[in-house]
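Chemist: Pasting a structure below so you can have a look.
The values are calculated or read from the model by the stated rules, or taken from the named source; none is laboratory data. Note that the structure is predicted; figures quoted are calculated from it, not measured. Note that each Cβ is placed from the backbone with ideal geometry, even for glycine, and that neighbours are counted across all protein chains shown.
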Amino acid sequence: MNDIVFLRSVVALLNMTEKGNEIRRRLPRLVMNLIMVVIIWLMSVFIPPTLDSVIIPGLEIQASFLVWILMIILMSIFLIRVLSDALILGDIFTDAFVRKMGIKEGRTPKRAAREVVYIIIIVLVITAINPLLSRIENYGLYLAAIATYIGLGLVIVFIYDIGRILYTLIENKADSIAEQMTKKSRKNEKEG
């Protein structure tokens, strides 16, 4: 019995060390990528207006538009890296939060908590991207609307899944309560 308790404590300690290493590795990278996103965003605000009068020969487009598109692509690359690190850190922090709340019912409550975090991230990303997309000439409003609808679709899928998880949890609890009540009534019938 003591061996089992010892092995469980060793496994828990290894998981904590592994998660701590993951946080130490990803958090600085997340911060640096966020700083790069802010720097590139600031550059995209100040540099393209200085190139409005320059037209690229052969393409017949303004240099400011091309520079702005290149900066958006660079910013998107760093944002993807930020999101990947943020999702993994979010999973680690969600696991810790769910454990602190005392929920020990397998993985479904954890998944629901993660999906709430994902919904928040989707809303923040769509809110940040829409002003950038709306600045694109001729197609900006359409791209912003498409991004909004894609984000809305993802949020609806996550909310549906959270509802399904909560329904399953409530149904399982109701079944266990009904089963306990049935056992008590059968026990009372046998005694009486």
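Chemist: Quick check on this structure: which one of 165, 136, 126, 159 is surrounded by 13 or more Cβ atoms within 10 Å (Cβ to Cβ), assigned to a loop (DSSP other than H, G, I, E, B) and not basic (Lys, Arg)?
Modeler: Step by step, each of 165, 136, 126, 159 is checked, and only 136 is surrounded by 13 or more Cβ atoms within 10 Å (Cβ to Cβ), assigned to a loop (DSSP other than H, G, I, E, B) and not basic (Lys, Arg).
Chemist: Checking the structure you have, find out if any residue of the stretch 147-155 is closer than 18 Å to residue 109 by Cα and modelled with pLDDT of 85 or more.
Modeler: Yes: the stretch 147-155 contains one or more residues that are closer than 18 Å to residue 109 by Cα and modelled with pLDDT of 85 or more.
Chemist: State which residue pairs qualify: first residue touching a residue at least 12 places away in the same chain (Cβ under 8 Å) and inside the stretch 20-49, second residue surrounded by 15 or more Cβ atoms within 10 Å (Cβ to Cβ) and small (Gly, Ala, Ser) in any location, beta carbons under 7 Å apart, and separation of 6 or more residues or different chains.
Modeler: Here the result reads 30/86; 48/64; 49/64, each pair linking the stretch 20-49 to a residue that is surrounded by 15 or more Cβ atoms within 10 Å (Cβ to Cβ) and small (Gly, Ala, Ser).
Chemist: Only one of 42, 79 is closer than 30 Å to residue 162 by Cα and at pLDDT 85 or above; which?
Modeler: Just a single option satisfies the conditions, and that option is 79.
Chemist: Then there's this: Here is a check on your reading of the model: is residue 93 aromatic (Phe, Trp, Tyr), under 12 Å from the mean Cα position of the chain (by Cα), at negative phi and modelled with pLDDT under 80?
Modeler: When the stated conditions are applied, residue 93 passes them.
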